[in-house]
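Asks: Sharing a structure below in structure tokens format, with a few things to ask.
The values are calculated or read from the model by the stated rules, or taken from the named source; none is laboratory data. As the structure is a prediction and not an experimental result, all values here were calculated from the model. Reconstructed Cβ throughout: ideal geometry from the backbone, glycine too, with neighbour counts over all protein chains shown.
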Amino acid sequence: MAVAYKDYYKLLGVERGAGKDEISKAYKKLARKYHPDLNPGDASAEERFKDINEAYEVLKDDEKRRLYDQLGPNWKDGQQFQGGPGFENVHFNFNPGGGGASFGGGDFSDFFETLFGGARRSGGFGSDPFGGFSSGTSSRSRRGRDVEAELSVTLEEARRGGEKTFTLSGGSESPRTLKVNIPAGIHDGAKLRLAGQGRPGTPSGDLFLTIRYAPHATFQVDGRDIACEVSITPWEAVLGARVRVPTLEGQVELNIPAGSSSGRKLRLKGKGLGPEGARGDEFVRVAIRVPDPAKLTAHQKALWETLAQAMKENA
């Protein structure tokens with residue numbers, strides 16, 4: 001039966017006189033480019049990946065390359081081919097070799113079998129960029145794909161760290177409940193790897209979680225620093241006071257200096273985000289809360305008027 005001739009040199013983009021190092025370099029470059037894991041769902045890339053693996057399997061082996069070269073340079077890629085002299089009764093033993101990990105790849109082509117025989121019956125080829133076959137079966141053994149997802153954490157969780165349970169759902173898979181250890185002080189955008197929790201395979205892929213800070217009702221984030229607002233009365237602003245303010249670890253007392261104006265920022269050192277020893281600060285912005293005139297009693301209003309008159313006299 002006639003099959004389509006394959007120009008292995010053309011497939012790897014090298015000349016017929018290329019040395020082993022040049023062939024290996026060309027193969028590695030193309031294998032990375034067309035790897036199925038980098039081109040999910042791209043059938044043409046997968047076919048190209050198979051072709052370059054097959055070409056490399058022939059050209060890296062002195063004996064197979066010698067036999068292939070006997071066909072001569074006159075054959076054109078895709079031309080119908082029915083074998084050639086010197087290939088009668090040729091059969092290679094396709095046992096695992098090369099010591100490389102298998103990334104999949106599939107069976108050899110009919111053209112390859114016409115030349116060398118038995119590849120499809122004895123085993124598929126691997127696609128390790130550093131050489132080697134996959135072992136003893138025509139079905140591919142491929143590592144499961146990695147999965148990426150985002151995990152929302154509160155600012156409190158980010159500061160203290162600890163174990164967090166979450167549900168992973170999406171695609172055709174059923175929702176899964178998983179646990180992950182959040183390092184204390186983790187930053188927004190950090191990635192965590194859960195080995196073997198990606199797509200099923202041999203072995204299964206990994207799950208990469210990107211940490212995202214959830215919006216907070218009290219705090220705003222600026223890098224490792226956080227900020228919030230505290231309301232004080234006019235007399236606290238004038239006379240000074242100690243007020244309770246929120247932090248990511250509970251409330252603390254903060255000293256408001258006398259004469260503080262609205263908008264003044266006070267710092268709580270080390271109360272922000274980040275790892276121990278390198279944590280940011282918390283900035284508390286002062287906001288003066290004015291009493292509602294509609295709720296003032298006659299006595300309170302009179303006192304404010306007396307204060308106003310006194311302040312005018314001292315102006």
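Asks: Looking at the range 239-260, can you tell me whether even one residue there is closer than 20 Å to residue 307 by Cα, outside the structural domain of residue 188 (by TED's automatic domain parsing), touching a helix residue (DSSP H, G or I) at 6+ places or on another chain (Cβ under 9 Å) and exposed (fewer than 10 other Cβ atoms within 10 Å of the Cβ)?
Replies: no
Asks: When you go through 60, 50, 64, 28 one by one, which is the residue that is more than 30 Å from residue 204 (Cα to Cα), within 35 Å of the chain's Cα centre (by Cα), basic (Lys, Arg) and at pLDDT 85 or above?
Replies: 60
Asks: Show the residue pairs meeting these rules: Cβ distance below 8 Å; 6+ apart or different chains; first residue within the range 290-315 and among the basic types (Lys, Arg); second residue loosely packed, with under 12 Cβ neighbours inside 10 Å.
Replies: If the second residue must be loosely packed, with under 12 Cβ neighbours inside 10 Å, the pairs left are 301/293.
Asks: Run down 37, 21 and say which single residue is out of contact with any Cys (no Cβ under 6 Å at 6 or more places or on another chain), closer than 23 Å to residue 201 by Cβ, modelled with pLDDT of 75 or more and among the acidic types (Asp, Glu).
Replies: When all the criteria are applied, what remains is 37.
Asks: Same structure again: I'd like to check something: does the range 233-244 contain any residue that is at positive phi and assigned to a loop (DSSP other than H, G, I, E, B)?
Replies: Taking every residue of the range 233-244 in turn, at least one turns out to be at positive phi and assigned to a loop (DSSP other than H, G, I, E, B).
Asks: Hey, among the residues in the range 137-154 that are β-branched (Val, Ile, Thr) and either modelled with pLDDT of 80 or more or not in a loop (DSSP other than H, G, I, E, B) (or both), which one's nearest to the chain's Cα centre (by Cα)? Working first, answer last.
Replies: The initial filter retains those residues of the range 137-154 that are β-branched (Val, Ile, Thr), namely 137, 147, 153-154.
Now narrow it down to the ones that are either modelled with pLDDT of 80 or more or not in a loop (DSSP other than H, G, I, E, B) (or both): 147, 153-154.
Working: 147: 8, 153: 17, 154: 21 Å.
Result: 147.
Asks: Would you check which residues across the range 195-214 are in contact with a Ser or Thr (Cβ under 9 Å, 6 or more places away or on another chain) and surrounded by fewer than 18 Cβ atoms within 10 Å (Cβ to Cβ) and list them?
Replies: 195, 196, 201, 202, 212, 214
Asks: Can you run down the residue pairs with Cβ atoms below 7 Å, 6 or more apart or on separate chains, where the first is in the range 231-243 and in contact (Cβ under 8 Å) with a residue 12 or more places away in the chain and the partner is basic (Lys, Arg) and not in a helix (DSSP H, G or I)?
Replies: 231/289; 232/289; 233/289
Asks: Ok, one more. Of the residues 191, 265, which single one is within 30 Å of residue 142 (Cα to Cα) and in contact (Cβ under 8 Å) with a residue 12 or more places away in the chain?
Replies: Numbers: 265 fails: within 30 Å of residue 142 (Cα to Cα).
Going through 191, 265 in turn, the sole match is 191.
Asks: Related question: Given 223, 162, which one is surrounded by fewer than 12 Cβ atoms within 10 Å (Cβ to Cβ), in contact (Cβ under 8 Å) with a residue 24 or more places away in the chain, closer than 30 Å to residue 268 by Cβ and not hydroxyl-bearing (Ser, Thr, Tyr)? Lay out the reasoning, then the answer.
Replies: Working: 162 fails: in contact (Cβ under 8 Å) with a residue 24 or more places away in the chain.
Among 223, 162, only 223 is surrounded by fewer than 12 Cβ atoms within 10 Å (Cβ to Cβ), in contact (Cβ under 8 Å) with a residue 24 or more places away in the chain, closer than 30 Å to residue 268 by Cβ and not hydroxyl-bearing (Ser, Thr, Tyr).
Asks: If you scan the range 225-245, which residues turn out to be more than 11 Å from residue 283 (Cα to Cα) and under 38 Å from the mean Cα position of the chain (by Cα)?
Replies: None; the set is empty.
Asks: From the residues in the range 48-62 that are within 15 Å of residue 19 (Cβ to Cβ) and out of contact with any helix residue (DSSP H, G or I) (no Cβ under 8 Å at 6 or more places or on another chain), which one is surrounded by the most Cβ atoms within 10 Å (Cβ to Cβ)?
Replies: It comes out as 61.
Asks: Limited to the range 9-59, what total is found for residues that are farther than 22 Å from residue 146 by Cβ and assigned to a loop (DSSP other than H, G, I, E, B)?
Replies: 7
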